[in-house]
Each structure stands twice: as C-alpha cells, then as structure tokens.
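Each reported figure results from applying straightforward, stated rules to the coordinates on display, with no laboratory input. This is a predicted model, so every value here is computed, not measured. Glycine also receives a Cβ, built like all others from the backbone with ideal geometry; neighbour counts cover every protein chain displayed.
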Amino acid sequence: MKSLEINRGGELLRGRKGDVIYLPKGIPHALKVIGNDERVALVVCVVPGGFDRFFTACAEEFKKGEPEMPLLVKLAAKHGIEFQSGPGLSGLGANLYHQPIPEVRTAF
C-alpha cells in the first residue's frame, strides 16, 4: 500500500490514504512517497491563504520543463518559504531532483 513518510521537526510519521496530518507553521517538514508508484495526490490546506501563490509560481516553471532546484528555492524565498537540509532528514531518501528532501519552513 502506498503511503507518505513525513519528517515533522525530527518526528517521523506515516500517512496513508484518508489520513490528515498537521504540519504547524515554523516546524520544518519533509515528505517522501513510500511504495512502488511515485504519484500521490496530496491536499494541502493553509490558513491564512497565500501559500497557493507559491504553487502557482512553481507550476508556471514546470510548464517550461523540470526547473533547477536553485530556481525553486528563489521562488520559495519570494513567498516566505525557506528550504533547509540537514539533521533530521537521514533515511528520508531523495526527491524528484535526486537530492535529499529539503525541510520546508514557512513564514506567513
């Protein structure tokens, strides 16, 4: 069964279809798909709104082809998001860029 592994501030959680997992503001987090299919649907609710503007900006870049990570980091910074790598991420694997999954810290 496909699931997600979530590192929430060093705490490893497992999410399956239908689960709801709270990722509080200011706590770094990283996600990894577990299973043989790399596709997973993920619904993100952020209150207050505005985080969607980051996803919209990323979608525009992906229309041009797979963007380089430095460009995504720059877009994130424009939207108050900081990518981090470091402790607490070991064993989480790699994202679609074949680099360690970055932790994400949001500031709204």
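Computed extension gain for L42 through A59, at 0.36 nm per residue and net of the alpha carbon distance, reaches 4.6 nm. Applying 1/(1 + (r/R0)^6) with R0 = 30 Å to the Cβ-Cβ distance of K78 and K17 gives a FRET efficiency near 0.35.
Within the shell defined by Cβ-Cβ distances under 11 Å, the residues around H79 carry a net charge of +1, with Lys and Arg each +1 and Asp and Glu each -1.
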